[in-house]
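Trainee: I have a structure I would like to understand better, so I am pasting it below and will then ask my questions one at a time.
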Amino acid sequence: MPKEDQPLPPSDFETHWDDVTSADVDELERVLDASKGERELQKFFERHPNLLVQHLGGGHGRWVVPQKRLGAEFVPDFVVGELSSIGYHWELVELESPRNRMFLKNGDYSAATNHGVGQVKRWRAWLTANARYARAARDDNGLGLTGIRSNLDGVVLIGRRGVGGEEAGLRADDLENSRIAIHSYDWLVERARARIKALRGPGRRTVVVPTKRGLTMRQVYLKADRTIRELKPEERPPPRKLGSAAEASSTTRRHLRK
């Protein structure tokens, strides 16, 4: 569990996984069908960042940081993160073209896949050498990636299903050793549609708790608690004891039942 006086990651990069809609996923599929490279997808995911965090499970906040410069050398396509009861988890995301093959016919990685894996490894090496700078808040001239570890996971998105894609068989031993997952873009589509189905239900309500940058986790928790107390009795969630201040995050969305 993170310390209560630990600053949250920048609120301008927080995204709400539960805002995903069928229209968003339909648009993603149209972009994938028409895309000739990763540039269109970079722009699309910057507009719809929540589609990049549907595979994460942290309930205390999720963040999507586009093209965060790592020194003068590297610019990852995205750094995505979550906060759960065990702390922060960050991943590096490399976008390759949806028209590229994931594997060759002989089962070897394609050149594009090798390029994506290499990118993630280079970014990770930089973070290993600059971990303290990466974790420091932006107000302290850091990158603001709170709790990031040097051995963070990576995700390479490439190709479509059935075109040298995941059906060809993943080299699971290599992926586990390098902590880099390789998925087709159809994996994102499936994750998002599964989330939408899971979120459907009667009486769901959303309460937004606006905050500002620079607040500690305890300050955010107290603001969220005040907001809940100001609701009408019939709008409040059932009373319970919160585990820690980490259960509230900047611009927290609380799902309530009628």
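Trainee: Based on this model, can you work out whether residue 66 counts as in contact (Cβ under 8 Å) with a residue 24 or more places away in the chain, touching a strand residue (DSSP E or B) at 6+ places or on another chain (Cβ under 7 Å), closer than 28 Å to residue 135 by Cα and surrounded by fewer than 20 Cβ atoms within 10 Å (Cβ to Cβ)? Don't jump to the end; show me each part of the working.
Mentor: Numbers: in contact (Cβ under 8 Å) with a residue 24 or more places away in the chain: yes; touching a strand residue (DSSP E or B) at 6+ places or on another chain (Cβ under 7 Å): yes; closer than 28 Å to residue 135 by Cα: yes; surrounded by fewer than 20 Cβ atoms within 10 Å (Cβ to Cβ): yes.
For residue 66, the condition - in contact (Cβ under 8 Å) with a residue 24 or more places away in the chain, touching a strand residue (DSSP E or B) at 6+ places or on another chain (Cβ under 7 Å), closer than 28 Å to residue 135 by Cα and surrounded by fewer than 20 Cβ atoms within 10 Å (Cβ to Cβ) - is met.
Trainee: Kindly indicate which of 106, 100 is under 17 Å from residue 181 (Cα atoms) and in a loop (DSSP other than H, G, I, E, B). Write out each step before concluding.
Mentor: Values: 106 fails: under 17 Å from residue 181 (Cα atoms).
Going through 106, 100 in turn, the sole match is 100.
Trainee: Being over 21 Å from the mean Cα position of the chain (by Cα) and buried (at least 22 other Cβ atoms within 10 Å of the Cβ) is the filter here; which residues of region 78-102 pass it? Reasoning before the result, please.
Mentor: Step one: list which residues in region 78-102 are over 21 Å from the mean Cα position of the chain (by Cα), which gives 99-102.
Selection gives 102 alone.
Trainee: Checking residue 28 against (1) modelled with pLDDT of 95 or more; (2) among the aliphatic types (A, V, I, L, M); (3) more than 25 Å from residue 184 (Cβ to Cβ), only one condition comes out false. Which one?
Mentor: (3)
Trainee: Would you point out the residue of region 135-152, among those that are in a helix (DSSP H, G or I) and in contact (Cβ under 8 Å) with a residue 60 or more places away in the chain, that is farthest from residue 64 (Cα to Cα)?
Mentor: Filtering region 135-152 down to residues in a helix (DSSP H, G or I) leaves 135, 138-140.
Right, trim to in contact (Cβ under 8 Å) with a residue 60 or more places away in the chain and you get 138-139.
Values: 138: 16, 139: 19 Å.
Here the answer is 139.
Trainee: Continuing with the same structure: In region 148-159, how many residues are surrounded by 20 or more Cβ atoms within 10 Å (Cβ to Cβ) and either at pLDDT 90 or above or not assigned by TED's automatic domain parsing to the domain that holds residue 80 (or both)?
Mentor: The qualifying residues number 6.
The values are calculated or read from the model by the stated rules, or taken from the named source; none is laboratory data. Keep in mind that what you see is a predicted model, and the values were worked out from it rather than measured. Cβ atoms come from the backbone with ideal geometry, glycine included; neighbour counts cover every protein chain shown.
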